[in-house]
Amino acid sequence: MSEHVSTYEPKTGFTRWLDTRLPIVRFGADLMSFPTPRNLNYWYTFGGILAFCLVVQIVTGIILAMHYDASGAGAFLSVERGIMRDVNYGWLIRGIHANGASMFFLAVYLHILRGMYYGSYKAPREVLWLLGCVIYVLMMATAFMGYVLPWGQMSFWGAKVITSLFGAFPVIGGPLTALLWGGFSVDSPTLNRFFSLHYLLPFVIAAVVALHVWALHVPGNNNPTGVNVKSKTDTLPFHPYYTVKDLFAILVFVILFAVIVFYIPDAFEKVDNSIEANPLVTPAHIVPEWYLLPFYAILRAIPDKLTGVLGLAGALGVLFALPWLDTCKVRSMRYRPAARIFFFVWIFFSLVLGWCGSQEPQGTVFPGVPAGPTIIDYGPNSVTWLSRIATLYYFAYFLVITPILSRTEKTLPVPDSLYTPVLSHSAAMPAGAAAAPETKG
Amino acid sequence: MHRLSLAAAAIAAMFALAGASLPGASLAETTQAPLKDVHWSFDYPLGMYDQAQLQRGYKVYHEVCSACHSMNMVAFRNLADKGGPFFNASYPNSNDNPVAKTLAKDAQYDAIDSETGAPIKRPGTTADYFPNPFPNTTAARAANNGALPPDMSLLAAAREGGAHYIYSIVTGDGTTPPPGLTVPDGKYYDPYMPGDLSSFWTGDPKKVPVGGFIAMPPPLIDDRVTFDDGTKATLNQEAWDVAAFLKWASDPKMDERKQLGVEVLIFLLIFTGLLYASYRTIWRNVGH
């Protein structure tokens, strides 16, 4: 679709003048007329939803920063008394921002899973995928630092646990941790640098998002069949077809978002975070936010600290390598029955890891059954051993199953064009999209 | 336990990974009796605070709790805010509310004489946050057998179970300990306090009593206060009302939040319906 020809015609004297100097109107018009595969389903609306999330987080975050005091002595009070009680609609802005992080991650996980299922990372979209992985890592860093800012007990101890991980590295570990902390423990200087970075990183994310969208517009969208766009009839202009579909999806997403913000605003917040940070009192059970739990479980599954940290980093690293691990020419898992099963099992084990991350490492998986003889620190019926099994599958999926399967799997016949299955599988389309397609152009 | 309503649970289930934020993930060695199952007007998604109950609860807080517990995030004007115990529609600016003014005037704050600079006391104003019962935490500990009474501004938010926890703790405080349990001096047995009593237990090691010790002497008894609205001040009534008041103190914008939520959701549903209709219209003759 790189051959997308601009159809923009400047109509007034001013736009003609501007078009030869800074063709910004043409740029917008070309984005709107961009040829988009006509068979994109609702899983393809998460890109738009994520752009919406980023804007919401930045706008609410800028307002919160106006009322926030980034000091160990004042942070908790400025959030819990200032923003939550005294600032007009501060409770709403913070409710949107804090729960917005969870909504953002919900959307990004579905977006990533969609990319994995339909093979959107394969040539010629590897750079698009890599940029997406960069955004995801930046999001995790931003969210983690944002969680520290209210300076509650879980903020403080979460920061302590995660920053201490950097101490696992030989030689540089100590200085690196001191640099992160701005001292010799998590304290006011740590909070200040986290606030500074928490404000900076979203704009870095926005810049990488711009590259991500650029990288999308060079090869054009993948689609549920994974078949390349072959003719003009395969596509529709982005506007109005996908603007209206994305907006509808965004609104459905916002309804769920609003139910959380207005009716269960503290559903994702640990009660301990309503207690001001206290370096002398360790909470009984330190857990990160839900979106980081699978990685936390991988970290704890590995007995050696440094190896655990490397395992955590590797769990993200394998995502970057995915385009080169999966060499199967068929993109979409619609036509890869075996890969599809292994992929769903991988999702299952990722959820299992998330559950494990929320539990005590010595907790039992099957209640009432003894943990059994200790093997590498824990008995077989323990959360840790379940995490180990799930971690093994997590990595095996990327490093063993995917490479082997992409060479050996017998794939199903792929349609000639992305539009053919539309004609033959109308019954399988989403309810809102199936109005007698055989009569349409 | 009751933080999440049914609707909340349904959504939380969608976020399968959110397991940690749900109750039940307690420590293996820490035990606690199941919280008492009581009901409040605000339990339901659209349930609001009961103003009469908040007034009674404030009275219990003011006459009993505030002797030891600070509440440094709540100002006297907040009592007269919308959704608060003394809100009166005739005074849209809560600083004008006569009840809030009177209550504030009874408190004394440190100040300096504007002529001489000498330290003096001044009566409170509606803008003042509730006064601390102790000058600092060391003094608070010294007066309470070494234990620090927690600030009550966010108590209902900072404990698993919220108002149910507070109600259970207050009514369970000073429960007669089962024979075989040694209660240390200055502590009281409370089955609802999360704790591990095994090292204080001389009975069957498989039957360690649930709960823990609390440093707070049983704070409430029948007729500890006299309610202005004539409600009989039983221990349970006082505990029920003060738990509701503390829930309000930790979430004073709840009424406003739930009301605005209805308006926002109605708007969103209409807007979404319109967009869906637009979507169907635009895609009507397009195969996809």
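From the cross-link list A:K160/B:K253; A:K305/B:K247; A:K270/A:K305, which pairs have alpha carbons spaced over 30 Å apart? With Cα atoms farther than 30 Å apart: A:K160/B:K253; A:K305/B:K247. Taking one quarter of the surface of the convex hull spanned by the alpha-carbon atoms of the stretch B:69-122 gives a direction-averaged projected area of 4.9 nm².
Take the Cβ atoms of A:L31 and A:L211, set R0 to 22 Å, and the FRET efficiency comes out at 0.90. Taking the alpha carbon gyration tensor of the stretch A:201-324, multiplying each eigenvalue by 5 and rooting it gives semi-axes of 39, 25, 13 Å, largest first.
For the stretch A:31-429, the fraction of C-alpha pairs more than 34 angstrom apart is 36%. Computed from the C-beta positions of B:A215 and A:V218 and an R0 of 60 Å, the FRET efficiency is 0.35 to the nearest 0.05. Along the axis of the charge dipole computed for chain A (Cβ charges of +1 for Lys and Arg, -1 for Asp and Glu, origin at the Cα centre), the listed residues A:I255, A:G146, A:G90 are led at the positive end by A:I255. Partner aspartates and glutamates whose Cα lies under 12 Å from the Cα of A:K410, excluding those fewer than 8 positions away in the same chain, are not found. Once Rh for the stretch A:16-83 is found with the Kirkwood sum over Cα pairs, what is the Stokes-Einstein diffusion coefficient at 37 °C and 0.692 mPa s, in µm²/s? Here the translational diffusion coefficient equals 201 µm²/s. For the stretch A:1-40 versus the stretch B:257-279, the spacing of their alpha-carbon centroids is 33 Å. Annotation: the residues A:R114, A:R94, B:R280, sorted from fewest to most other C-beta atoms within 10 Å of their own C-beta, follow the order B:R280, A:R114, A:R94. In this structure, the amide hydrogen of A:L236, modeled 1.01 Å from its nitrogen in the peptide plane, lies closer than 5 angstrom to those of A:T36, A:R38, counting only residues at least 5 positions away or on a different chain. Which lysines does A:K232 reach when only Cα atoms under 22 Å apart count, and residues fewer than 8 places away in its own chain are ignored? Counting by Cα, and skipping residues close in sequence, A:K232 has these lysines nearby: A:K245, A:K440.
For the stretch B:132-288, the C-alpha radius of gyration divided by 2.2 N^0.38 Å, with N the number of residues, is 1.67.
Using a cutoff of 8 angstrom between alpha carbon atoms and counting only pairs six or more residues apart, the relative contact order for chain A works out to 20 percent. Summarised as an ellipsoid, the stretch B:50-147 has semi-axes of 26, 21, 9 Å, derived from the eigenvalues of the Cα gyration tensor scaled by 5 and square-rooted, with the largest first.
Only Cα pairs under 8 Å and at least 6 apart count here; give the relative contact order of chain B as a rounded whole percent. Averaging sequence separation for qualifying contacts and normalising by length gives 23 percent for chain B.
Span-like helix check, chain B: qualifying full DSSP H segments, with Cα axial length of 27 Å or more and mean Kyte-Doolittle of 0.5 or more, are B:254-282. Rounded, prolate or oblate: which fits chain B, taking a ≥ b ≥ c as square roots of the Cα gyration tensor eigenvalues, rounded meaning a/c under 1.5, else prolate when a/b beats b/c? Oblate, since a/c reaches 1.5 and b/c is not below a/b. Cα centroid separation, the stretch B:53-105 to the stretch A:237-281: 32 Å. What would the Debye formula give as log10 I(q)/I(0) at q = 0.05 Å⁻¹ for the alpha-carbon point model of the protein assembly as shown, no solvent? Here log10 of I(q) over I(0) equals -0.31. At full extension, A:L176 and A:V55 could sit 40.3 nm farther apart than now, given 0.36 nm per residue minus the alpha carbon distance.
To the nearest ten degrees, helix A:305-325 and the longest principal axis of the Cα atoms of chain A are 0 degrees apart.
Remark: B:I120, A:I298 ranked as B:I120, A:I298, counting other beta-carbon atoms within 10 Å and listing the fewest first. From least to most packed, judged by other beta carbons within 10 angstrom and beginning with the fewest, A:W43, B:W248 follow the order A:W43, B:W248.
A short reminder: the numbers here are calculations on the coordinates, not readings from a lab. Remember, predicted model here, so these are calculated numbers, not experimental data. Here Cβ is always computed from backbone atoms with ideal geometry, including for glycine, and neighbour counts include all displayed protein chains.
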